[in-house]
Amino acid sequence: MILVTGGAGFIGANFVLDWLAGCDEPVLNLDALTYAGNRESLASLEGDARHVFVQGDITDRALLDTLFARHNPRAIVHFAAESHVDRSIHGPGAFMKTNVEGTYTLLEAARAHWTSLSADAKAAFRFHHVSTDEVYGSLSAGEPAFVETHAYEPNSPYSASKAASDHLVRAWHHTYGLPVVTTNCSNNYGPYHFPEKLIPLMIINALAGKPLPVYGDGQQVRDWLYVKDHCTAIREVLSRGRIGETYNIGGWNEKPNIEIVQTVCALLDEMRPDPAGPYARLITYVTDRPGHDRRYAIDARKIERELGWRPAETFESGIRKTVQWYLDHADWVAHVQSGAYRDWVATNYAGREAAP
Ligand code: NAD
Ligand code: DAU
């Protein structure tokens with residue numbers, strides 16, 4: 001079996017669902033079920049013996065040792081993290097704990113397990129670290145997209161903690177020989193995305209008739225990738241990526257935030273028209289995110305050249321599917337908007353002035 005950490009989060013849940021739809025190799029899913037973890041995203045696997053869910057923390061070494069001894073995973077796909085930049089600004093401690101100490105603890109437990117394997121099993125073992133393009137910092141308008149050799153220049157507590165985890169993974173390979181691969185991916189979107197992030201937040205606020213808060217001038221650029229394309233890329237790197245290498249994953253799809261919000265509004269106008277008028281009337285420019293990175297863009301030629309991966313989804317097809325998914329899953333949407341979610345919205349948005 002494979003061990004997936006953070007498999008109840010947005011990308012992890014999509015990955016587990018895709019994995020088990022495509023093969024019968026069981027998944028041991030270790031997730032602490034923080035505010036971002038959601039068992040409801042995995043409801044279709046209820047009673048499926050191929051999915052073993054354990055609620056637990058990657059900083060818990062004793063638990064990790066027990067799980068390795070009991071399940072003998074042949075690979076780890078490490079998603080578990082604190083993932084939201086705005087939360088890292090309000091409270092960086094959890095990011096250091098999970099993203100840095102958690103990755104360190106997982107690496108050490110993986111190393112102890114790997115050391116005990118037979119020569120063949122050792123050679124086949126993989127530690128796949130799932131990381132982000134944010135470790136490379138921010139690009140200005142004309143600069144070339146991030147390649148794998150770009151300098152690490154993280155700017156937020158979140159990206160600094162992910163950069164630290166990337167460095168640990170690299171060092172555990174270099175020093176101990178642990179067979180690792182790392183992927184650095186751009187912004188994902190799609191089903192089961194927690195509505196603290198731009199696209200699901202805009203869909204959910206629009207449907208509720210609430211303001212659509214665009215930070216600063218809305219001209220920050222992100223490179224959007226449909227989450228299932230990310231899952232496919234991870235599977236390719238896990239099975240055929242070269243040990244010790246990093247692979248950038250992106251959508252070849254750079255767009256300014258305001259254009260994303262306008263696209264969501266236009267799709268909702270078509271799919272769920274509001275008698276009160278076009279959804280774009282709700283767009284509200286608000287105080288910018290501190291230290292806001294201006295532009296991310298991924299050069300994904302290495303993974304295409306070596307592994308033949310390219311995104312299957314265009315932004316137009318992916319965003320349409322995504323909006324439809326949120327319209328079709330009103331229960332999931334209602335349940336994630338718990339008291340804790342409402343507290344977060346108050347923390348992050350209440351103090352933000354509407355820009356003139
Ligand atoms: P998410 O916040 O939706 O999910 C994170 C999951 O990790 C949750 O289920 C949470 O319960 C779990 N978790 C948190 N702390 C834990 C701990 N200490 N022990 C065990 N489980 C814990 O995140 P996501 O958007 O699905 O991102 C997954 C990974 O992909 C992260 O490592 C993130 O840095 C990376 N990434 C995300 C994006 C993106 O656009 N979302 C892009 C590139 C890379
Ligand atoms: O680039 C990959 C990263 O993408 C991942 O590593 C992170 O885990 C993931 O959260 C995401 O980070 P961003 O900060 O880019 O995503 P977010 O959805 O929070 O914001 C996208 C852009 O939209 C960003 O420029 C900030 C802006 N934004 C966001 C929110 C929540 C707004 O304008 N208004 C908002 O309310």
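Just a few scattered comments:
- With respect to the chain, whose longest principal axis is taken over its alpha-carbon atoms, helix 198-207 is tilted by about 40°.
- DSSP-assigned coil residues among GluC sites (Glu not before Pro) in the range 313-354, each with at most 12 further Cβ atoms within 10 Å: Glu353
- Computed magnitude of the charge dipole of the chain (debye, nearest 20; Cβ of K, R +1, Cβ of D, E -1): 360
- For the chain, the mean residue ellipticity at 222 nm estimated from helices alone is -12500 deg cm²/dmol, where every DSSP H run of n ≥ 4 contributes -39500 (n - 2.57) and the total is divided by all residues, rounded to the nearest 500.
- Between 0 and 90°, nearest 10: helix 227-240 axis offset from the chain longest Cα axis: 20
- Rounded, prolate or oblate (a/c below 1.5 giving rounded, otherwise prolate when a/b exceeds b/c) for the range 1-88 by Cα gyration tensor: oblate
- Cα gyration tensor category, rounded, prolate or oblate, for the range 262-302 with a/c compared to 1.5: oblate
- Toward the positive end of the charge dipole of the range 19-101, with +1 on the Cβ of Lys and Arg and -1 on the Cβ of Asp and Glu, the farthest Cα among Thr66, Pro92, Phe53 is that of Thr66.
- The range 34-98: GluC sites (Glu not before Pro) in DSSP loop, at most 15 other beta carbons within 10 Å: Glu46
- Student exercise, the range 150-308 dipole from Lys, Arg, Asp, Glu Cβ charges, in Debye to nearest 20: 280
- Shape call, the range 278-321: gyration tensor on alpha carbons, a/c limit 1.5: oblate
- Positive-end extreme of charge dipole, the chain - chosen from His113, Val261, Cys23 (charges on Cβ): His113
- Local electrostatic count, Asp18, Cβ distance below 12 Å [Lys/Arg +1, Asp/Glu -1]: +1
- A cut-off under 14 angstrom between Cβ atoms defines the neighbours of Thr66, and their net charge, with Lys, Arg +1 and Asp, Glu -1, is -1.
- Degrees between helix 257-271 axis and first principal axis of the chain (Cα, 0 to 90, nearest 10): 70
- Coil-residue chymotrypsin sites (Phe, Trp or Tyr not before Pro) of the range 102-163, DSSP, other Cβ within 10 Å capped at 15: Tyr152
- Positive-end extreme of charge dipole, the chain - chosen from Gln219, Asn14, Val323 (charges on Cβ): Asn14
Each reported figure results from applying straightforward, stated rules to the coordinates on display, with no laboratory input. Since we're looking at a predicted model, the values are computed, not measured. Counting neighbours? That spans all protein chains shown, and the Cβs are built from the backbone with ideal geometry, glycine included.
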